[in-house]
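Undergrad: Quick one: the structure is below, and I'll ask about it shortly.
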Amino acid sequence: MKQALTWCLLSAGTTHSAFAAVPHSPMKAIESDLAQFSAKKEIRFDQLAHQWESKYGTDAVPSLVAIAKDPKKKDSERFVALLSIARLNPKNASAITRPFFKDSSWMLRSAAIQSTVLRKDRTAAPDIISLLKDPALVIRAEAATAIGDLKLETGEKPLLDALYEAKNYRPAGYQKGQADWVTGRALESLRKLGNKESAQQLLTLMNGAKDPKVRAQALYTIERLEGKKLVKSEKFKDRALAWNQHYSTRTFTSQAAAKRAPARGDAAASSKHLPIEKK
């Protein structure tokens, strides 16, 4: 639901050309436009941001900052204001955005992540990585994606850790498409980072995850990072067995990898690799 609301703000509906007449003050004009944005869902965010960029340029930034910081404003309006600042990209955009990584509203934390990715700002790496532990599932998922989009190498270990945290793996939510929100995005980002040394640390997830979709994603990521398949078979059982045998002849590259518990979501989790599920 939270994720759907976020993307709704970005892409809902068709374009709409009717905006309020522009008052003398940019602040009043922007507030008027935001009120229409909230009332008429068919108005697109990108159209609104483009209008402000065309009319005011960076002169709109102070007003947008004031709106984004105002807790009395609707979260949706604050969200749009912060993303619009990223589009205008003033010199102090990083400094403006940073406090919102810790905002009490998940929507503003989401806007901070998306703004950072939009501006390709790698200096915000510590802030992005810290949100892998955010209480909101949608924020943890967005942070995992951002690490890959921005190629944040320092996020590799936190991504691996996130794969094995129980709160990121919820079998009960699988049918609702929630079980692999974080794990799936973390694995995708690991593929983007492309560090071969991460592959072996995914064995436990491949062997022990309760969700077959997650096991399959882990196997696919191992093959992508290693740059090869060990067998011609397309069956999960055959491919996974080949990688278990392959790695059994090698020493773990990290002590942490050997200690990782499988993401089973129950008390039966063990630090040892589990056998391949028999079909």
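Undergrad: Mind counting the residues in segment 181-219 that are outside any helix (DSSP H, G or I) and under 18 Å from Ala141 (Cβ atoms)?
TA: 2
Undergrad: Among the residues of segment 161-208 satisfying the criterion of being among the hydrophobic types (A, V, I, L, M, F, W, C), modelled with pLDDT under 90 and under 18 Å from the mean Cα position of the chain (by Cα), which is surrounded by the most Cβ atoms within 10 Å (Cβ to Cβ)?
TA: In this case the residue turns out to be Ala179.
Residue by residue, here is whether (1) modelled with pLDDT of 90 or more; (2) part of a helix (DSSP H, G or I); (3) among the basic types (Lys, Arg); (4) within 26 Å of the chain's Cα centre (by Cα) holds:
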residue	(1), (2), (3), (4)
Asp33	no, yes, no, no
Ser38	no, yes, no, yes
Glu42	no, no, no, yes
Gln47	no, yes, no, yes
Gln51	no, yes, no, no
Tyr56	yes, yes, no, no
Val65	yes, yes, no, yes
Lys73	yes, no, yes, yes
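Undergrad: Here are some conditions: (1) under 20 Å from the mean Cα position of the chain (by Cα); (2) of a type outside the set (A, V, I, L, M); (3) not assigned by the TED database to the domain that holds Glu156. Arg239 meets all but one. Which one does it not meet?
TA: (1)
The values are calculated or read from the model by the stated rules, or taken from the named source; none is laboratory data. The shown structure was predicted, so the numbers you read here are calculated from the model rather than taken from an experiment. Don't worry about glycine lacking a Cβ; one is built from the backbone with ideal geometry, like all the others, and counts go over all protein chains shown.
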